[in-house]
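Only one structure is covered here, and it is reproduced in the block below.
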Amino acid sequence: RNSKLEQRTDQYVAHSAAVGVKHRGGGSLEVKLRKKTDQDFEKWKKHRCNGVLTAVDQLLERTGHAALPASSSSLQVAKCRRQAFVGGGALLEQTELLVGAGVQASVWRTVAVEGKRADAAQVRESILPLCRAQAAEDSFSVQGYPAFVVRLVRDEASRAGGERTGALGTDDLGGPAFLDACPGSGVDPQMREPIALPLGLASTSAAAPSPSRRL
């Protein structure tokens, strides 16, 4: 079906696989809390805060989650996303990501499926082999954005030879699709970073880079 294109830059704050925190498009502050896991499927609830991190800590305390680390690490993520409904009604998303800025920026691709489990599971099974086949090196994984953000922050800290705070967890994304690169994402075509594709499903995710595809 027809897809729609969305572009924006979000600022993510690393917490854990069960908690996602971001400034959406440089504006509103959103918190996503994982409510349930069932094998690779996850259920999430989104909350909007008043724009300050103290409000996030209050929400986390009320819901039984650890507070944000005192020196929370954050990531700038520029996105170019396509969405379309597929199969019996699952929403498929493919997003090209430019994580960070300057020469240290990295390029990733995420593929996600959202919807009722029966619809999402069918789409997931059809797309996972394709995503895995395109993966470069060992970067393919099934996880959600919060866990993905923690992973990237830790990788960055490792490259810098330092330690950063933040808990590691597991999240989700999912699904099939548009395997072509998304134009207009602001990614330098000369960059030689491999495209990793975290993909997920209606409640599940995966990631992997493709040595044969460059933005």
The stretch 1-45 - residue that is under 22 Å from Ala67 (Cα atoms), out of contact with any Asp or Glu (no Cβ under 6 Å at 6 or more places or on another chain) and of a type in the set (Asp, Glu) and, of those, surrounded by the most Cβ atoms within 10 Å (Cβ to Cβ): Asp10
Extreme residue, modelled with the highest pLDDT, among residues of the stretch 60-77 that are out of contact with any Ser or Thr (no Cβ under 9 Å at 6 or more places or on another chain) and assigned to a strand (DSSP E or B): Leu75
Among (1) exposed (fewer than 15 other Cβ atoms within 10 Å of the Cβ); (2) among the charged types (D, E, K, R); (3) in a helix (DSSP H, G or I), the one test that Arg48 misses: (3)
Residue check, Arg62 under 19 Å from Ala17 (Cα atoms) and either in contact with a Pro (Cβ under 8 Å, 6 or more places away or on another chain) or among the basic types (Lys, Arg) (or both): yes
Search result, residues across the stretch 18-38 that are more than 22 Å from Ala78 (Cβ to Cβ), touching a residue at least 60 places away in the same chain (Cβ under 8 Å) and not charged (D, E, K, R): Ala18, Val19, Thr37
Of all residues in the stretch 74-109 being farther than 16 Å from Lys4 by Cα and polar (S, T, N, Q), the one that is surrounded by the most Cβ atoms within 10 Å (Cβ to Cβ): Ser106
Residue among His23, His15, His65, His47 that alone is of a type outside the set (Gly, Ala, Ser) and within 27 Å of Ala118 (Cα to Cα): His47
In the stretch 110-129, the residues that are in contact with a Leu (Cβ under 7 Å, 6 or more places away or on another chain), assigned to a helix (DSSP H, G or I) and either exposed (fewer than 15 other Cβ atoms within 10 Å of the Cβ) or among the charged types (D, E, K, R) (or both): Arg124
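The values are calculated or read from the model by the stated rules, or taken from the named source; none is laboratory data. Everything numeric in this text was worked out from a predicted model, so none of it was measured. Please note: Cβ atoms are built from the backbone with ideal geometry, for glycine as well, and neighbour counts cover all protein chains shown.
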